[in-house]
Structures are given as structure tokens and as C-alpha cells.
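Trainee: Quick one: structure below, then a few questions.
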Amino acid sequence: MSFFVPQGMTRRHFMKHLAGAASMVAPAWALGHSLSVHAADLKKRHKSAILLWMGGGPSTIDLWDLKPGAPTGGPFRPIRTSSDVEICEHLPMTAQQMHHLTIVRSMSTREADHERGRYYMHTGYVPNPNIQHPSYGSVLAHELMEQRDGLQIPPFVVVGGNSVGPGFLGMAWAPFSVDSNGRIRNLDMGVDETRIMQRMAVLDLIEKGFIQETRGLAAGDHQKVLKKTLDLMTSDQMAAFQVTREPEAVQERYGKTGFGRGCLMARRLVEAGVPFIEVDLGGWDNHQNIFPTLRDQKLPEMDQAMSALVEDLAQRELLQDTAIIWMGEFGRTPRINGTAGRDHWARAWSVVVGGSGLRGGIAVGKTNGDGTQCETDPYTSQDVMATVCQALGISLETTFTSRSGRPMKIANSGRVIKELFA
């Protein structure tokens, strides 16, 4: 038996509540075989977003913005695609889907440290010791949940990694982490399912008591987490996590790798009505031997899975309502270092977006001949988020209030990338 502990809440804290609870009768786990939201209905009502997170800082100069012939260019060559843009020769399957995707080639940010860059690209804000900002996933899930009356599984799912947390939005919007096989990042409780459900029922009573005594925000947050857990444990929508239910040919198309299963799960979760899914593919911090690493490992796995996801969403008529964002925390240096690698570079790099009515088949922005700087107006994390929000129908006038009472505008007042809208 397993269940989740949301990111941001310590396992010891959650266990302390459970361990002290007494016995009470509760329903058993029920795992059904069908998703409760049909794709045909989904495409009429639901908007979703999928973030393909490339942890470590991918070398976009070798993927999306090649510089053949330049001293900084590396050995890879550009190939033609299904649109007017050219991309890396080692992404042949993605090349056939580029009419659905657009490359933003003039990203320019200031955070070239992994943790700071990860935080900034996930939130649109630089780290601040006085406030925890919510991640894109938490914000978009929060804004899109009004479309999901029947959703029982969490609205923000992370596959194969971790994400930035919900910040001041609270634990109800925390990322829910699973591995690429759909196993929940869990606690092995060492007790049977009935006992867990009994303890959780008592914990619900305890939390209600704390709330009635107005002992602050923590009890209310915990009760929301508890309700999410109980809904999850009894929902047939959990079937969305089981990618092995897909036909063998579909699994083969995505690739039987961690990222391949994660992308297939993302499509299933979109069909189930989940507003935001993040799929992690780490391993891009290539300070040495970058070209064989990309050619033989990273690009084949990414190419197969990403192309399958875009193609599958398009064929199922889900892409028109599902935004896709491909990005890491920064790019890598145009200069090739002494160990045949590239180092951190945030000054000029690329992000890829598509779906949800965004214009496909183009490149927005331009870098100079050796890729060291942007030649056109630079774009930022908050610009990408503002663009995705507009594509999803979320008002850019939306303003949150932090727990200190500070107003926080959605997407940190980012500007929409106008070229992405026809």
C-alpha cells in the first residue's frame, strides 16, 4: 500500500499525524479500468498544459538554433522539417512534427545557476528569501480547475522528477510526483490499506478540530491535502497512470524509456482532465563529451517520445486545447570548452512551444552568427508564461495575494509573444 506526501510537506510531519490516529472504518481501494472524462468531451471544454522539463540546461545551440560553419557550431548539421525551420539532424521524428511547434530562439535570462535558473524558469520570479512563489504548474492548475468538476486525481502531476512547489497558493496545489511507471512517490506505511484509511478518517476529524479553533493556515492546508489523498485512493481515474494498458504499438511508438513512458502518461492524464503535467528528462548538464552524449543518448530518447506526444495529441484532436512547453533552466555556451563540452549560458538560448492555438512551424527571434547573443528583442520566463496563459484563455489581469498581503500578478506581468498568435 502506498500514498503520496505532497512536495513541501515533510514526511515525518505527515507520519506524525497518521501514527497518532485511531481506528475507524473506511472504504477500500478501488482501481477501475476506464477514465471518467472522455477525450471527445475534453476537447470541447478542457484546456491543459504539458511541460517537458529538460533538467540540467540543454544545449539549444545544438538542437534548435544550429550554427553550421561557425567556430561555435559543433559537428551537428541542420535538417529540413515539416515547416520552414531547420533543426538538428538527430531529431528526425520531431522534424516531422515541427508544423505544430515553434522555436523561441531569443530567450535571454540572467540566472545561470542550476537551482536559481530552475526556480526562475518554473515561476517567472528570481528566488527571494522572503516569499515562495508558485510554480507554473500550480498557477495553471489553480486557474484551470474550474473546468474540472469531476477531476479526482491531482490537478498538477510531475512524472519522473520533482518540480517547484505551490508557494503561497498552498499545499492543495502542490505537485504530485510519480515515476514513469506510474508508481506514486510514496511512504511504505508497513500497514494494510484498511488501517491507512481508518487513520486518515481520524486525521480528518483532527484537522477539522484545528480549523474550528482557528489555529492558522496549516490545518486547512492539511485538510485539503487529506481530501485529495482520499479522493485519489478511491478513484478509478488512477487508471490514467497505467501506461501499460496502452496497446503495444503505442508504447513502442513513444519508446520504452523513462521519458517515453512519461510522455505517454502525459497524454493519458490530459484525457483524464488533468490541467498540468510536467515530464522530466534530466541529464543535460554536459560540461564534457557533449556531442556523443547528445547523439547517442539524450536526443534519440527525446526525439522519439516528444514527437510521439505531439503526433498523438494532434491525431486525437487534443493538441488544439493542450499547450506544450519544452525548456530547461538555461542553454549552454556557444564556446566549446577544453573537455569537449559546453558550460552554462543564459544570455541567448531557445524554448519550444506549441498547441492550444499557438502558431506552429515558425521560429521567433534570432541570435547572432555564433550564438553568443540575441539579435532581436529577448524573451524571458515570464513572457513564455504570459503567452501560454493567453493561449489557455487565462486572463493576464489575474492577480494573487501572497500570505503577507502582497499582490502578485500572474506571469509576473510578462509580455505576450505576439508572433505566436495568428
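Trainee: With a cut-off of 8 Å between alpha carbons and a minimum separation of six or more residues, what is the relative contact order of region 288-422 in percent?
Mentor: It rounds to 20 percent for region 288-422.
Trainee: Give the shape of region 39-171 as rounded, prolate or oblate, defined through the alpha-carbon gyration tensor: a ≥ b ≥ c are the square roots of its eigenvalues, a/c under 1.5 means rounded, and otherwise the shape is prolate if a/b is larger than b/c and oblate if not.
Mentor: Taking the square roots of the gyration eigenvalues as a ≥ b ≥ c, region 39-171 is oblate.
Trainee: How do the peptides 155-163, 176-184 rank, highest first, by the average count of neighbouring beta carbon atoms within 10 Å per residue?
Mentor: Going from most to least packed, we get 155-163, 176-184.
Trainee: Separation between the Arg245 and Glu397 pseudo-spin-labels, each 7 Å from Cα along Cα→Cβ, expressed in nm?
Mentor: Roughly 4.2 nm, to one decimal.
Trainee: Related question: From the square roots a ≥ b ≥ c of the eigenvalues of the alpha-carbon gyration tensor of region 282-414, which class results: rounded (a/c under 1.5), prolate (a/b over b/c), or oblate?
Mentor: Numbers: a/c = 2.00, a/b = 1.35, b/c = 1.49.
Oblate.
Trainee: So who's got an amide H within less than 5 Å of the one on Phe400, skipping anything under 5 residues away but keeping other chains? H placed 1.01 Å off N, in plane.
Mentor: Met408, Lys409, Ile410
Trainee: Right, next: Indicate the gyration tensor shape class of region 377-422 (rounded, prolate or oblate), computed on the Cα atoms with a ≥ b ≥ c the square roots of the eigenvalues: a/c under 1.5 is rounded; otherwise a/b larger than b/c is prolate and the rest oblate.
Mentor: In terms of gyration-tensor shape, oblate.
Trainee: Separate question: Could the peptides 78-89, 244-255 be put in order, highest first, of the mean number of other beta-carbon atoms found within 10 Å of their residues?
Mentor: Ranked by mean Cβ neighbours within 10 Å, highest first: 78-89, 244-255.
Trainee: Distance check, please: which entries in Lys298/Lys366; Lys47/Lys67; Lys67/Lys418 exceed 29 angstrom between their Cα atoms?
Mentor: The answer is Lys47/Lys67.
Read-outs throughout are calculated quantities, based only on the coordinates presented, and are distinct from any laboratory measurement. Just so it is clear, the model here is predicted, and its values are computed rather than measured. Ideal geometry is used to build each Cβ from the backbone, glycine not excepted, and the neighbour counts take in all protein chains shown.
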